[in-house]
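To start, the structure under review is shown below, and the notes come after it.
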Amino acid sequence: MSSDKDHIRIFDTTLRDGEQSPGASMNLEEKVAIAKLLEEMGVDIIEAGFPIASNGDFEAVQHIARTVKTSVVAGLARAAQRDIDRAAEALRDAERPRIHTFISTSPLHMKHKLQMEPTEVLDAITDSVSRARNYTDDVEWSPEDGSRTEPDFLCRAVELAIRAGATTINIPDTVGYATPEDYAGIFRMVRERVPGAEDVILSAHTHNDLGLAVANALAAVNAGVRQIECTINGIGERAGNASLEEVVMAVRTRPDAYPYMHKIQTELIMRASRLLASTIGFQVQPNKAIVGANAFAHEAGIHQDGMLKHAGTYEIMTPESVGLVRSTLVMGKHSGRNAFRSKLVELGFDDIGDNAFQDAFQRFKALADHKKDIFDEDIVALVDDQLATANERIKFVSLGVMAGSIGKQSAQIVLEIDGETKWSQTGGSGPVDAIFNAITELVPHQANLQLYQVHAVTGGTDAQAEVTVRLEEDGKSVNGLGADHDTLVASARAYIHALNKLMVKRQKSAPPEVDTQLTA
């Protein structure tokens with residue numbers, strides 16, 4: 001039986017640091033859905049957002065605090081009274097609230113970003129942690145840019161935070177600069193030099209700018225860290241954060257190197273990865289560890305031969321251990337509702353509503369008429385697309401396109417906008433341009449198209465297409481996702497999805513003086 005000192009706490013910041021990825025915004029319902037799944041997975045701490053950043057962030061933290069019962073719910077706050085008060089208000093109804101407060105401590109950040117003297121920063125640490133401790137017994141403190149902070153100053157800052165009542169000390173590698181040796185050495189130094197360090201939980205928050213986020217986090221664990229801050233699919237600012245699935249599967253697969261335990265139900269990893277990808281419209285790269293499409297694929301003849309003889313020859317973990325289920329139901333045009341529902345449960349969609357199920361079933365039957373072999377990936381893409389667009393103000397109805405090398409390209413599209421059916425027909429420099437022009441005529445906007453990306457869900461010329469569209473308007477970026485057996489229809493669906501998310505984004509208003517990028 002492992003003791004508490006061997007327990008690695010998983011702190012998920014998908015809803016906070018992860019959402020700061022360009023285009024990765026989520027609405028309230030999407031955030032709550034992800035938080036509920038994180039709780040089901042066994043995540044110890046869910047960082048639900050940055051309450052002072054906007055009304056939308058405040059409401060998301062508040063709703064998650066009221067919904068989640070077993071996981072700790074954390075709200076981020078700078079070292080400012082109103083930040084901490086706002087976080088406390090958002091967390092008021094949480095069963096297990098945590099306030100996570102931070103301030104920059106590196107010479108570069110203190111001089112150019114904060115424009116504060118070191119003594120002022122030290123005073124702010126004591127004041128902010130003390131204020132947070134007045135609201136809750138669970139307070140986390142972080143020195144932003146901790147990995148580039150001078151050692152003596154870092155130790156002094158950590159000591160003051162502990163004295164003021166911090167129960168978790170997180171030292172972030174904010175810009176992804178550290179190496180595993182560097183990062184582990186920081187925690188060893190803190191444990192040796194800071195009075196009271198043995199009485200708090202030490203935490204690692206790593207970024208992937210050099211591709212070392214997971215390696216740094218695991219090195220920190222062997223140096224005494226017992227909390228890892230990470231995100232689903234490794235999303236986050238710039239190159240992202242440490243990937244939750246990689247961290248927990250490394251610990252599960254290599255107990256000889258990491259003789260610790262965590263509470264994550266790893267069989268839910270694929271479900272979480274797919275939910276996040278469909279929510280924010282970010283495709284997981286095929287060669288991504290654990291959750292990529294190729295993670296358990298074997299094409300080379302010698303590898304296939306080895307796999308047929310013994311799976312352990314080329315697989316260090318089973319697909320089932322991360323939630324990939326071996327298909328036992330072959331789906332096709334003759335499959336009925338019961339078989340389709342069973343397949344959805346098998347794929348992790350066990351809580352889909354009746355209306356969404358009926359719509360998804362009709363789209364499945366339509367796909368089966370065009371595609372001989374229906375793979376699990378086809379159904380996942382179809383249902384993800386259906387769930388993503390279920391409650392949107394703008395709905396796709398139909399599309400007709402004139403394309404080719406002869407004549408002018410044009411598109412005729414029919415949409416349902418706030419319950420009213422409207423249509424438009426316009427031209428363009430190509431079929432996709434014509435489609436987007438037709439949609440814009442019905443839903444006028446000034447957004448710029450930043451990304452248009454198509455990938456085939458499976459192999460073959462009849463493969464279903466999944467399209468990602470990124471729109472930017474007034475500094476706000478959103479991603480839209482669309483899937484269909486027709487690439488042009490998938491393109492229209494993705495553009496409409498992005499427009500719907502942009503409309504939600506417009507409604508969120510952040511106080512102009514608040515810099516939401518000031519994060520650990």
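Quick notes
- Residue count for region 183-196 under the criterion of being in contact (Cβ under 8 Å) with a residue 12 or more places away in the chain and under 12 Å from A223 (Cβ atoms): the result is 9.
- Put simply, of E159, E140, E198 the only residue that is at negative phi, assigned to a strand (DSSP E or B) and modelled with pLDDT of 95 or more is E140.
- Segments classed as helices (runs of 4 or more DSSP H), wholly inside region 1-115, with at least 2 members that are more than 25 Å from R131 (Cα to Cα): 28-41
- Qualifying positions in region 162-195 - touching a Pro at 6+ places or on another chain (Cβ under 7 Å) and in a helix (DSSP H, G or I): M189
- The number of residues in region 302-358 being part of a helix (DSSP H, G or I), farther than 30 Å from V251 by Cβ and at pLDDT 80 or above comes to 13.
- Among the residues listed as L442, L382, the single one being under 14 Å from D484 (Cα atoms), in contact with a strand residue (DSSP E or B) (Cβ under 8 Å, 6 or more places away or on another chain) and hydrophobic (A, V, I, L, M, F, W, C): L382
- Subset tally (residues that are modelled with pLDDT of 85 or more and either surrounded by 14 or more Cβ atoms within 10 Å (Cβ to Cβ) or among the basic types (K, R) (or both)) for region 282-291: 5
- Every residue from region 462-507 that is surrounded by fewer than 16 Cβ atoms within 10 Å (Cβ to Cβ), assigned to a loop (DSSP other than H, G, I, E, B) and modelled with pLDDT under 90: D462, D474, G475
- Any hit, region 236-249, residues being out of contact with any Ser or Thr (no Cβ under 8 Å at 6 or more places or on another chain), at pLDDT 95 or above and within 23 Å of E39 (Cα to Cα): yes
- Whichever residue in region 68-109 is polar (S, T, N, Q) and surrounded by fewer than 18 Cβ atoms within 10 Å (Cβ to Cβ) and, among such residues, is nearest to T14 (Cα to Cα): T70
- The condition (being among the β-branched types (V, I, T) and more than 25 Å from R226 (Cβ to Cβ)) is satisfied by just one residue among T149, T136, T119: T119.
- Checked against (1) modelled with pLDDT of 85 or more; (2) outside any loop (DSSP other than H, G, I, E, B); (3) closer than 16 Å to L37 by Cβ, T279 meets all criteria but (1).
- Pairs with Cβ under 6 Å, 6+ apart, first in region 201-216 and on the phi < 0 side of the Ramachandran plot, second surrounded by fewer than 19 Cβ atoms within 10 Å (Cβ to Cβ) and of a type outside the set (K, R): L202/G224; N208/A239; D209/A239; A215/P180; N216/P180
- Of all residues making up region 384-421, the number that are of a type outside the set (S, T, Y) and over 30 Å from A33 (Cβ atoms): 11
- Scanning region 1-59 for residues that are among the β-branched types (V, I, T) and farther than 22 Å from D474 by Cβ gives I8, I10, T13, T14, V32, I34, V43, I45, I46.
- Looking only at region 150-167, residues that are within 13 Å of A132 (Cα to Cα) and touching a residue at least 40 places away in the same chain (Cβ under 8 Å) come to 0 in all.
The values are calculated or read from the model by the stated rules, or taken from the named source; none is laboratory data. None of the values given here were measured: they were computed from a predicted structure. When we count neighbours, we look across all protein chains shown, and the Cβ atoms used for this are built from the backbone with ideal geometry, even at glycine.
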